[in-house]
Amino acid sequence: MYSVVDIETTGNGYRGQKITEISIFIFDGKVVVDEFTSLVNPEQNIPAFITNLTGITNAMVRNAPRFYEIAKKVEEITKDTIFVAHNVNFDYNIIKDEFKSLGFDFKRKKLCTVRLSRKIIPGLRSYSLGNICADENIPINGRHRAKGDAEATTELFRRLIERDDQFIINSFLNPRSRQATLPPLLDKKVVDNLPETFGVYYFKNAAKEVIYVGKANNIKQRVISHFYDKKKKEQNMCLETADISFTKTGSELLALLLESSEIKKIYPKYNRAQRRAGEAVGLFSYEDQKGIIHLAYNRLKLVPNPLTKYYNVSEARNYLEFLCKEFELCPKYCHLQTNVSSCFHYQIKECKGVCCNKETVADYNKRVKEAIKSIGLGAENLIIKEQGRTKNEIGFALILDGIYKGFGYLDASQDEQLTNPEDYQFFVNPKKDNRDIQRILTSYLRKKEGLKNLGNEQISI
């Protein structure tokens, strides 16, 4: 037995979305044996654009039952049935969340008529309910109303059952099949063809626009995990996903570096952590006439060789305050306190007094140098070598004078002929340096052991 379901909601994606109307047709594969349809008071305002789409107004639902008042009916009528809907994960997850808010678990087997239609009726120009029904001459008596759409979905499902001579529906219900969990617009072959290796993957919508970029140690495994994620953002993203592409990197570090640069290049709508624009502030050091080493910050374009970079002044000042506390530095010489003869921190014993001649310049500079050493990548020339995309390939990241230049690949035989970091410039795919890249590389180098010093050069082994 099947429960063919359609709901209307208050819109605005998944976040805070509530049901305004629900319709359920109990279908035995041939005829409808029961039906339940009701408006629902969402207990929140229905936006004007939703009213324009569905025709459901705030006045219409004002005296309608709240979901908790119909929850028992929904649970009973769908019990021991297979939950069927067009874009099933949308309707199913909204209803599941409604039950969860009441302290109950709602769990049913699922079938998606979008995915089934793609398999059983291939080659259609579109698989939206309206377009499929137009192609199939299925009338919709009330488009974007729960009953009209549920009734049309039931008739579509009936025709899919009739044409299913390859037992596709049974395969979708197989517990070992992932069909029910895949995004409705995504072909299973796309997921099947994903590699199980290090790399970066790209979620794309129907218009081929990249909506999300991610890195993975196992691309296929990581991609599939998105489909099981219950977070609203993930569910919304998966509903939009129509294609997935990937780039192999050979190692986790190179995947992290590529992911970061791609996010800043593409600005996908579902990436947030690294979408900030390029850095605006650079941290630098200089020595004054007394020989005291200062730490200071300025606009990035005025700092030719920054120790590290920040997105704004606030971030730079926060980090300087951290260095002051961590290495007992003087805020006056970190440009955190200006126009003072001696800093306030000396009075509370957080500065050892270089600002009032209570500490020698040599002793103070020693701690400043330790602080500088802890910042970013320093002024090193580095080649960080990683496994490439194939057995005989070397992957590498290139840092010259503490600035990240990009990454690249070369044959192991070619690598043997290169002796200096500068030589690798001919094989590098140039990338922009930024605060996120510095953070990735610094974290890697702190964890990585086995670096061999070659003068001012370091080559990882």
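We did not get these values from a lab; they are worked out from the coordinates using the rules stated. If you're wondering where the values come from, they're calculated on a predicted model, not measured in any experiment. Note: ideal-geometry Cβ built from the backbone for every residue, glycine included; neighbour counts use all protein chains shown.
Overview of values
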| item | result |
| --- | --- |
| Identified option (computed semi-axes √(5λ) of the Cα gyration tensor in Å; candidates [x] 58, 30, 16; [y] 31, 27, 24; [z] 36, 24, 20) | [x] |
| Order of VAL5, VAL190 - criterion: other Cβ atoms within 10 Å of each residue's Cβ, fewest first | VAL190, VAL5 |
| GluC sites (Glu not before Pro) restricted to DSSP loop in the stretch 300-358 with at most 15 other C-beta within 10 Å | GLU350 |
| Translational diffusion coefficient (Stokes-Einstein; Kirkwood radius from C-alpha pairs) of the stretch 281-374 at 10 °C, 1.306 mPa s, in µm²/s | 119 |
| Highest-first arrangement of 390-400, 18-28, where packing means the average Cβ count within 10 Å | 18-28, 390-400 |
| Among beta bridges that DSSP assigns inside the stretch 2-173, antiparallel share in %, nearest 5 | 70 |
| Cβ-based charge dipole, the chain, positive-most Cα from THR154, THR360, GLY402 | THR360 |
| Order of SER171, SER342, SER413 under a 10 Å beta carbon neighbour criterion, fewest first | SER413, SER171, SER342 |
| Calculated [θ] (222 nm, deg cm²/dmol) that DSSP helices of n ≥ 4 give over the chain, each run adding -39,500 (n - 2.57) | -10500 deg cm²/dmol |
| Candidates per chymotrypsin sites (Phe, Trp or Tyr not before Pro) in the stretch 122-196, loop by DSSP, up to 10 other Cβ within 10 Å | PHE167 |
| Relative contact order %, the chain, counting alpha carbon pairs below 8 Å whose residues are six or more apart | 9 |
| Number of Lys pairs (Cα under 12 Å; 8 or more positions apart or on different chains) in the stretch 2-173 | 4 |
| Residue-by-residue Karplus 3J(HN,Hα) for the stretch 29-43, coefficients 6.51, -1.76, 1.60, Hz, glycine and proline x | x, 10, 9, 7, 10, 6, 8, 9, 9, 7, 5, 9, 6, x, 6 |
| Antiparallel bridges, percent of DSSP beta bridges restricted to the chain (to nearest 5) | 85 |
| Phi-based couplings in Hz for the stretch 209-226 (Karplus 6.51, -1.76, 1.60; Gly and Pro marked x) | 7, 6, 10, 7, 10, x, 10, 8, 7, 9, 4, 4, 4, 5, 4, 4, 4, 4 |
| Cα-based convex hull volume of the stretch 2-173 per residue, rounded to whole Å³ | 115 |
| Evaluated at q = 0.21, 0.31 Å⁻¹: base-10 log I(q)/I(0), Debye formula over Cα of the stretch 78-127 | -0.74, -1.14 |
| Sequence of ASP135, ASP80 once ranked by neighbouring C-beta atoms within 10 Å, starting from the fewest | ASP80, ASP135 |
| Extension gain from ASN218 to SER341, taking 0.36 nm per residue of separation minus the Cα-Cα distance | 38.5 nm |
